[in-house]
Amino acid sequence: MSELYFLEDKYNLRKPPSAQKQSVLIQSLFQFVAVITVMLGFWYLHYRWTSSLNMDALWFAIPLAFSETMMFIGTIFVMINFWKINDTPKSPPPNSPKDVHLDNDNIKIDIYIPVFNESPDLLRETIKSAKKVKKLPSWSVNIYLIDDSHNEEMTIMAKEENIEQITRDNKRGRKAGAITKAIDITKGDFIVIIDSDTRIFEDILLNTMGYFRDELVAWVQTPQWFCDLTTKDDGEDLFANDPTMFFDVIQRRKNNYNASFCCGATSIHRVSALKEVAQDRYNSRIENGEKDIEIEYIAYHASEDIYTSLLVHSYKNKNFKSILHPDVESKMLSPLDLLTWSMQRFRYAGGTIDMIKKEYKRFFKKGLSLGQKLMYFSTFWSYTGAIWMTILLLAPIIYMFTNIAPVDSYSLEFFKHLVPFLFFNQIALMIASWGVASNRGSAFYLAIFPLVLKAFYDVLRNKPINFIVTSKVAKDGNFLYLVRIQIFIMLLYICSITFATIMLLIGDRLYLMGYSINLMWSMYNMWALWAIIRASLYKFKG
């Protein structure tokens with residue numbers, strides 16, 4: 001495939017979606033339905049624990065009821081997260097340094113492009129877009145190639161584009177370490193961080209710098225958007241790469257709690273805030289006896305973006321703010337093979353879990369507000385879903401093979417408690433994500449449980465979660481080996497359904513209701529598993 005496939009019209013001419021429209025009516029309707037959902041959830045779980053357990057099979061009934069309870073905690077987090085859109089009002093871009101609380105002659109904005117072994121041709125397109133960024137007369141905007149690759153071709157390209165290249169003699173801290181060194185060299189007031197494949201739009205600074213009129217705004221994150229998502233010809237968004245649900249629904253609503261976190265690319269940072277927090281953290285670590293450490297303006301970590309966000313938000317001396325700007329201001333490339341996709345998602349999961357393991361004490365100290373604690377912990381909690389999902393995946397298989405139900409009976413009383421909760425839960429999610437596709441993401445959330453479980457396992461045994469640069473070129477090959485666990489479970493479903501059907505037909509089993517419910521449950525799980533199995537077979541033809 002061509003490294004510059006994204007310049008073809010079928011990708012390059014695509015337009016990003018508009019931000020979700022705010023509506024007091026829709027928001028109030030969601031809040032009403034969300035409250036009903038939570039109430040029904042408590043009602044259902046009370047019934048599950050007090051009246052519906054199969055007392056003759058507690059080995060099966062209790063783990064399933066416990067998993068449902070843990071999943072419901074996640075539902076509560078979601079309802080709190082989605083409670084309200086509370087966008088920070090946009091302000092005009094600053095005309096003078098005083099507008100953003102500087103004593104300089106001008107506002108110095110540095111655009112950083114961290115790279116490691118990416119294609120110089122790809123970087124050239126990124127640089128061309130960065131050069132077109134509009135600025136005011138009082139702004140000094142410079143572009144820097146933060147290069148850890150020591151690639152001679154990259155050096156040649158940088159000289160041809162008249163871009164300063166910043167290198168170092170070690171790779172400590174990987175991307176975060178490279179940015180930290182660059183901040184000390186370029187001495188900008190603000191930095192814009194973009195990836196090697198990020199083509200920023202020309203109005204990005206005009207649309208975002210106004211937020212920094214508030215002295216406490218530490219960073220602004222703009223939504224990421226991929227111009228190369230698979231279409232109906234190959235399977236609509238085959239890898240669940242569309243980030244709209246994450247940025248426009250999840251992250252945007254975290255603004256209500258001043259808890260939207262940095263996601264790396266297409267973020268703009270106030271350097272003085274990064275330095276102040278980093279210096280305070282460095283001093284604390286020295287006092288605690290840590291050695292061989294550096295001042296880290298960006299936290300040296302596999303998930304450097306959310307980790308740095310947590311540190312800034314929990315800084316006690318100032319109530320720094322973060323903003324998720326609702327409008328897309330760039331175009332990027334998505335991972336288009338399952339190996340690259342899996343490596344990226346593993347780093348996300350492992351990095352977040354490792355961060356919570358290292359910084360859990362911050363949830364019991366002053367610094368983070370209650371809303372921020374809930375939002376950061378909800379991000380971690382979403383990954384625990386892989387644990388509970390494993391039990392929920394195996395439950396219908398166990399029933400089909402053994403004819404042992406985890407509930408006392410699939411009675412009218414059981415469904416009277418379950419169905420209203422499920423119905424209102426789906427209605428609430430539909431209202432919150434109105435106009436945003438989420439089905440593919442829901443399927444992958446269930447299907448990637450082995451990857452997330454491995455992330456938990458590695459973190460718990462203190463195996464480092466490495467920072468791996470996401471490949472910008474789709475890899476060739478067969479990636480079925482990455483989904484061998486999902487394939488095995490699919491085969492278990494097929495065998496268990498076949499076995500239970502035969503038993504029913506020959507009259508060995510009498511209860512059609514239990515069979516029907518578990519058959520539908522099995523079919524839904526198989527649909528979710530098939531989503532990632534199908535993705536493993538995809539070969540990008542761009």
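Annotations for the structure displayed:
- Sub-7 Å Cβ pairs linking a first residue in region 167-179 that is assigned by TED's automatic domain parsing to the domain that holds Ile113 and under 17 Å from Asn466 (Cβ atoms) to a second residue that is of a type in the set (Val, Ile, Thr) and not in a helix (DSSP H, G or I), at least 6 apart or interchain, are Ala176/Ile298; Ala178/Ile146, ordered by first then second residue.
- Complete set of residues in region 306-348 that are among the acidic types (Asp, Glu) and either out of contact with any Pro (no Cβ under 9 Å at 6 or more places or on another chain) or modelled with pLDDT under 95 (or both): Asp337
- Under the condition of being in contact (Cβ under 8 Å) with a residue 24 or more places away in the chain, in a helix (DSSP H, G or I) and under 19 Å from Lys321 (Cα atoms), the residues counted in region 356-372 number 3.
- Ile268 fulfils the conditions (1) of a type outside the set (Ser, Thr, Tyr); (2) in a loop (DSSP other than H, G, I, E, B); (3) closer than 22 Å to Thr470 by Cβ except for a single criterion, (2).
- Some residue of region 73-87 being out of contact with any Gly (no Cβ under 8 Å at 6 or more places or on another chain), aliphatic (A, V, I, L, M), touching a residue at least 24 places away in the same chain (Cβ under 8 Å) and surrounded by fewer than 17 Cβ atoms within 10 Å (Cβ to Cβ): yes
- Qualifying position, being loosely packed, with under 14 Cβ neighbours inside 10 Å and charged (D, E, K, R), among Asp99, Asp103: Asp103
- Matching residues in region 510-534 - criterion: being closer than 13 Å to Arg484 by Cα and either in contact with a helix residue (DSSP H, G or I) (Cβ under 8 Å, 6 or more places away or on another chain) or free of Cβ contacts under 8 Å to residues at least 40 places away in the same chain (or both): Leu529, Trp530, Ile532, Ile533
- In region 117-153, the qualifying residues are those that are part of a loop (DSSP other than H, G, I, E, B) and among the acidic types (Asp, Glu), and the one that is farthest from Ile200 (Cα to Cα) is Asp148.
- Qualifying residue in region 31-53 (condition: of a type in the set (Lys, Arg) and within 30 Å of Glu125 (Cβ to Cβ)): no
- The residue list Lys108, Lys90, Lys21 contains one member that is under 23 Å from the mean Cα position of the chain (by Cα) and either assigned to a loop (DSSP other than H, G, I, E, B) or touching a residue at least 60 places away in the same chain (Cβ under 8 Å) (or both), which is Lys21.
- Residues that are closer than 13 Å to Thr180 by Cβ, β-branched (Val, Ile, Thr) and in contact with a Ser or Thr (Cβ under 7 Å, 6 or more places away or on another chain), drawn from region 281-310: Ile298
- None of Ser496, Ser438, Ser471 is at pLDDT 90 or above and of a type in the set (Gly, Ala, Ser) except Ser496.
- Enumeration of residues in region 375-391 that are buried (at least 20 other Cβ atoms within 10 Å of the Cβ) and among the hydrophobic types (A, V, I, L, M, F, W, C): Met375, Ala386, Trp388, Met389
- Verdict on Phe239 being in contact (Cβ under 8 Å) with a residue 12 or more places away in the chain and part of a helix (DSSP H, G or I): no
- Within region 450-464, one or more residues are under 25 Å from Asn241 (Cα atoms), of a type in the set (Lys, Arg) and part of a helix (DSSP H, G or I).
- Odd one out for Asp148, checked against (1) in contact with a strand residue (DSSP E or B) (Cβ under 9 Å, 6 or more places away or on another chain); (2) at pLDDT 95 or above: (2)
- Filtered residues of region 387-414 (kept if of a type in the set (S, T, N, Q), in a helix (DSSP H, G or I) and more than 15 Å from Ala528 (Cα to Cα)): Thr402
- Meets criteria (touching a residue at least 40 places away in the same chain (Cβ under 8 Å) and of a type outside the set (Val, Ile, Thr)) for Leu205: yes
- Taking each residue of region 479-502 that is within 21 Å of Tyr399 (Cβ to Cβ) and looking for partners that are basic (Lys, Arg) with beta-carbon atoms closer than 6 Å, six or more apart or interchain, yields nothing.
The values are calculated or read from the model by the stated rules, or taken from the named source; none is laboratory data. Only a predicted model underlies this, so the values are computations on that prediction, with no experimental measurement involved. For neighbour counting, all protein chains shown are included, and Cβ atoms are generated from backbone atoms with ideal geometry for every residue, glycine included.
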